[in-house]
Amino acid sequence: MTDRQPGLEMAEGQPHSFVATDERRTYTRVAVNLSARCLMPDGGEYEGRVRDISASGCFIELDAFCTRPEMRERIIAYIDRLGRFEGDVVRSTQDGFALELSMTPAKRDRFAATLEKFAQGDAAALEEIRRHRRVEIEDKPTQLKLASGQTAHCRIIDMSLSGASVETHLRPVLGAFVELGRMQAKVVRYHENGFAVEFSEVGTTPKAVLRHFDPIQ
């Protein structure tokens, strides 16, 4: 018998499927039990649990007190061990909501292949999805520049090859492009001490990314 990691489990009975609306293609849906942080369009943030996921969508359960999102609202979900996903709400229920995931065709094909490997018994397959793990930075000051030209000193809290969390008093609008040191990035969410960004280009190594935050000579 293949060992399963906690929170990752196959559904019993017949395999589930999810039909993507763009290609009308059926993808394998896998039953999981993973925590998720959901960022709503109004800036609200709720904790939930992903109960199933496919290459085209997932279902996220929310606590009873959480406000349910409206149809077609855009949601960002940070799913434990899998990383960041974005998509539109296609169904809202008392238990939670279904999200139609947005990704490039190439990424969707890779994700589908990975889920298929997991469905075939490869318990470690889902760990391949999140390749850009975050690294906590003890103290990394750098300069932040907004699209308006405004600049300020800030501090990198943590980072990965694809993004970073920034401590600053500035609050650029979500989706705005900024310069973090010498890195071009997009603001994707707020947190208590600042905001998080996604880099325009994925770095090659953590050391290479950190060099972009060094003081400009």
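Would you check which residues across region 35-53 are surrounded by fewer than 20 Cβ atoms within 10 Å (Cβ to Cβ) and touching a Gly at 6+ places or on another chain (Cβ under 9 Å) and list them? Passing the criteria: 35, 37, 49, 51.
The residue of region 60-108 that is farthest from residue 32 (Cα to Cα), among those that are hydroxyl-bearing (Ser, Thr, Tyr) and assigned to a strand (DSSP E or B), is 92.
Among the residues of region 158-180, those identified as more than 18 Å from residue 43 (Cβ to Cβ) and at pLDDT below 90 are 158, 159, 160, 161, 162, 163, 164.
Within region 165-184, track down each residue that is outside any loop (DSSP other than H, G, I, E, B) and under 15 Å from the mean Cα position of the chain (by Cα). Can you show your working first?
So the first thing to find is which residues in region 165-184 are outside any loop (DSSP other than H, G, I, E, B), and the list is 165-167, 177-180, 183-184.
Residue satisfying the conditions is 165 alone.
Flag not set for residue 65, criterion: surrounded by 15 or more Cβ atoms within 10 Å (Cβ to Cβ), modelled with pLDDT under 80 and of a type in the set (A, V, I, L, M, F, W, C). Checking each residue of region 136-157 against the condition of being in a loop (DSSP other than H, G, I, E, B), at pLDDT below 90, under 19 Å from residue 203 (Cβ atoms) and in the same structural domain as residue 192 (by TED's automatic domain parsing) gives no match.
The values are calculated or read from the model by the stated rules, or taken from the named source; none is laboratory data. Here the structure is a predicted model, which is why all the values come from computation and not from measurement. Cβ: placed from backbone, ideal geometry, glycine included. Neighbour counts: every protein chain shown.
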